[in-house]
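Note sheet for the following structure.
Here, each number is a calculation from the coordinates, and none is a lab measurement. Since this is a predicted model, take the numbers as computed values, not measurements. Neighbour counts run over all protein chains shown; Cβ positions are idealised from the backbone, glycine included.
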Amino acid sequence: MIRLRKGDVPAFDELYFRYVKKLMAFALTFFPNKELAKDAVQDIFTRIWINRAELDSSKSFKTYLFQAVKFYMYNYARDKRGACTLEEVPEHAILNESMVESDMDFRDLQSITNSCIEKLPKVQQEVYKLNKLEGFSATEIAIQMNLSQRTIEHHIYLASKTIKKEMQTRISYRISLAIALTHLSSIL
């Protein structure tokens, strides 16, 4: 790490060849497409070289690499989220009910979600339902409820944050990961 920070190419090569296969295998757990996983790994190592002087040699390089893959995946999903519509999702990527039921009964998940929504304050409930369930924009809701758009956006943010937190406590990590990966594969 110290040699890498000084710009030593053989030190970079040593770290690259030591970790590239493990990192690629890890990236493939997030990206079903091998090219996307390869791009992620290459981008991470490119950034390491570019920002080598800022690396903290007191911290684990291996941990840094694996966290970098996770952040790359999160950023990729975030950037692609707005570009994906339901019409563009290939039919084979859509979960059928029997797949969902094998891990958790869909109706139970729906019940948990409804229960989380019902625990929200009345205004947040109404705003959340109008936005997330009925598809109204914050501007449309603001006009309908005679509130500012910023207030509506704040209610949507608070409601989403509360529901997400509540859902995370109720759904096991394994199921959450499966849902996230299914969503990610649907936008790829």
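Each label point is 7 Å from the Cα along the Cα-to-Cβ direction; what then is the distance between the points at residue 115 and residue 165, in nm?
It works out to 1.8 nm between the two label points.
List the lysines whose alpha-carbon lies under 16 Å from that of residue 164, not counting same-chain residues fewer than 8 positions away?
Filter leaves 119, 129, 132.
Near residue 21, which lysines are there with a Cα under 27 Å away, not counting those fewer than 8 places off in the same chain?
Within the straight-line limit of under 27 Å, residue 21 reaches these lysines: 6, 34, 38, 59, 62, 70, 80.
Between the range 24-41 and the range 108-147, what is the C-alpha centre distance in whole Å?
Their Cα centres are 37 Å away from one another.
For residue 5, put the label point 7 Å out on the Cα→Cβ axis and report which residues of the range 37-54 keep their amide N under 17 Å from it.
48-54
Quick one: which residues, 5+ away or cross-chain, put their amide H under 5 Å from the amide H of residue 136? H built at 1.01 Å from N.
Residues meeting the criterion, in which the H sits 1.01 Å from N, are 131.
Are there trypsin sites (Lys or Arg not before Pro) in the range 13-85 that DSSP marks as loop and that have at most 16 other Cβ atoms within 10 Å, and which are they? Write down the numbers at each step before the final one.
Details: sites: 18, 21, 22, 34, 38, 47, 52, 59, 62, 70, 78, 80, 81; in loops: 59.
In loop regions of the range 13-85 (DSSP not H, G, I, E or B), the sparsely surrounded trypsin sites (Lys or Arg not before Pro) are 59.
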